Amino acid sequence: MNCSDPNNRSLILTINQPCDGEARLYFEDLTEPGFYRILAANGNSACPMVLIIEAANGATIERTVPYRQAIYIENLKRIYVGSAENSDGICAGTINIDKTFGFC
């Protein structure tokens, strides 16, 4: 394998948690570094979903997902999902993670 022939992996996660303001871990990458495309979709507009992405270098990206949000990042470490509000509702949606990696 080389840079002109990278590997690709995809994963779809289902989000279904209380809309209580608590951030929960949904993904942790313990494999080789790579480039990631993260597409989050909020299935319940009554509960504003918050996506918290932690990079391997410690940088954190936090985005509210009103409907759909795409984020590109290198060397992803963890993805958490929380909610912007504390209500009795359910925070529901999906996260699609596409990873491209190779040894260069």
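Starting from the Cα of Asn44, step 7 Å along the direction of its Cβ; do the same at Arg68; then give the gap between the two resulting points in nm.
Roughly 2.1 nm, to one decimal.
Determine, from the Cβ-Cβ distance of Phe35 and Asn86 and an R0 of 41 Å, the FRET efficiency 1/(1 + (r/R0)^6), rounded to the nearest 0.05. Walk me through the intermediate numbers first.
On the way: r = 35 Å, r/R0 = 0.85.
Efficiency computed from Cβ-Cβ geometry: 0.75.
What list do you get for Asp29, Asp98 if you sort them by fewest beta carbons within 10 Å? Working shown, then result.
Numbers: Asp29 19, Asp98 16.
Fewest-to-most ranking of Asp29, Asp98: Asp98, Asp29.
Could you tell me which residue out of Ile71, Ala46, Thr14 lies farthest along the dipole of the stretch 1-76 toward its positive end? Charges go on the beta carbon: Lys and Arg +1, Asp and Glu -1, centred on the Cα centre.
Sorting the options by dipole projection puts first Ala46.
Based on the Cα gyration tensor of the chain, what are the three equivalent ellipsoid semi-axes, each the root of five times an eigenvalue, rounded to whole Å and given largest first?
Values: eigenvalues 157, 32, 20 Å².
Equivalent ellipsoid semi-axes, largest first: 28, 13, 10 Å.
For Ile90, which sequence-distant residues (separation of 5 or more, or a different chain) have an amide H within less than 5 Å of its own amide H, given hydrogens modelled in the peptide plane?
Distant-sequence amide H within range of Ile90: Cys19.
Bear in mind these aren't lab numbers, they're just calculated from the coordinates by the rules spelled out. Bear in mind the structure is a predicted one, so any value in this text is a computation, not a measurement. All Cβ positions, even for glycine, are placed from backbone atoms using ideal geometry, and neighbour counts span all protein chains on display.
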